[in-house]
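J.: Before I ask anything, let me first share the structure, which is written out below as structure tokens.
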Amino acid sequence: MPTQWHRALLRAALREAGYDASGTLTMEGALQQALPDPARGPLRVVVIDQDTLTDEEFWLRDLQKRAPDAALLLLAPRTRPVREGPWAGIVQRPTSIAELVGVIQRLVPLPPERRHPIED
């Protein structure tokens, strides 16, 4: 399955669980999404695929400056060593969308009144 489908499914599952989820293909896109947006609130979690990291220290440092309270969740392949970093959690692939949602719910729990689907 193409990776854009994985991202779309994860976004849909998170929105169903009450998270205002969005996605991007690049760390540069993550930096843009980390900019303050009063309509959306602060960035609380970022899922980063280890396979997309290049010059990660530069991007991660900037991401942490823009969203200092955001939990960084690394998605890493089981077949290679996990890159060291400021990870709040590590999920190894292959994994399921449900497992990723569960990890995010543990890292960034929502209050009961916000646990409802979000419509576009």
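The values are calculated or read from the model by the stated rules, or taken from the named source; none is laboratory data. Remember, predicted model here, so these are calculated numbers, not experimental data. Because the Cβ atoms are built from the backbone with ideal geometry, glycine has one as well, and the counts that use them run over all protein chains shown.
J.: Of all the helices (runs of 4 or more DSSP H) wholly in segment 1-95, which have at least 2 residues that are touching a residue at least 60 places away in the same chain (Cβ under 8 Å)? So that I can check it myself, show each step before the final result.
T.: Working: elements: 3-16, 27-33, 56-66.
By residue number, 3-16.
J.: Could you please let me know if residue 91 is over 21 Å from residue 115 (Cα atoms), at pLDDT 95 or above, under 12 Å from the mean Cα position of the chain (by Cα) and not aromatic (Phe, Trp, Tyr)? Step through it out loud before you land on a result.
T.: On the way: over 21 Å from residue 115 (Cα atoms): yes; at pLDDT 95 or above: yes; under 12 Å from the mean Cα position of the chain (by Cα): yes; not aromatic (Phe, Trp, Tyr): yes.
So residue 91 fits the description; yes.
J.: Filter segment 1-29 for residues that are hydrophobic (A, V, I, L, M, F, W, C) and at pLDDT 85 or above; which is surrounded by the fewest Cβ atoms within 10 Å (Cβ to Cβ)? If you could, list the steps in order and put the result at the bottom.
T.: So in segment 1-29, the residues hydrophobic (A, V, I, L, M, F, W, C) come out as 1, 5, 8-10, 12-14, 17, 21, 25, 27.
Okay, now just the ones that are also at pLDDT 85 or above, so 8-10, 12-14, 17, 21.
Values: 8: 12, 9: 15, 10: 19, 12: 14, 13: 17, 14: 22, 17: 18, 21: 19.
So, considering only residues that are hydrophobic (A, V, I, L, M, F, W, C) and at pLDDT 85 or above, the one surrounded by the fewest Cβ atoms within 10 Å (Cβ to Cβ) is 8.
J.: Mind counting the residues in segment 51-88 that are farther than 24 Å from residue 35 by Cβ, under 15 Å from the mean Cα position of the chain (by Cα) and surrounded by 13 or more Cβ atoms within 10 Å (Cβ to Cβ)?
T.: Of segment 51-88, the ones farther than 24 Å from residue 35 by Cβ are 51, 76-84.
With under 15 Å from the mean Cα position of the chain (by Cα) added as a condition, the list becomes 51, 76.
The next check asks that each one be surrounded by 13 or more Cβ atoms within 10 Å (Cβ to Cβ); those that pass are 76.
Selection size over segment 51-88: 1.
J.: Turning to a different aspect of this structure: I'm trying to understand the selection: among the residues of segment 96-120, which are charged (D, E, K, R) and either assigned to a loop (DSSP other than H, G, I, E, B) or surrounded by 15 or more Cβ atoms within 10 Å (Cβ to Cβ) (or both)? First the steps, then the outcome.
T.: First pass over segment 96-120, keeping only residues charged (D, E, K, R): 99, 106, 113-115, 119-120.
Across segment 96-120, the qualifying residues are 115, 119, 120.
J.: How about segment 32-59: which of its residues are under 21 Å from residue 84 (Cβ atoms) and at pLDDT 85 or above? Break it down into steps so the answer makes sense when it comes.
T.: Just the residues of segment 32-59 that are under 21 Å from residue 84 (Cβ atoms), to begin with: 45-59.
Hits for segment 32-59 are 45, 46, 47, 48, 49, 50.
Condition check ((1) in contact with a Ser or Thr (Cβ under 9 Å, 6 or more places away or on another chain); (2) modelled with pLDDT of 95 or more; (3) closer than 19 Å to residue 21 by Cβ) across all residues:
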| residue | (1), (2), (3) |
| --- | --- |
| 84 | no, no, no |
| 95 | no, no, yes |
| 101 | no, yes, yes |
| 106 | no, yes, yes |
| 109 | no, yes, yes |
| 113 | no, no, yes |
| 120 | no, no, yes |
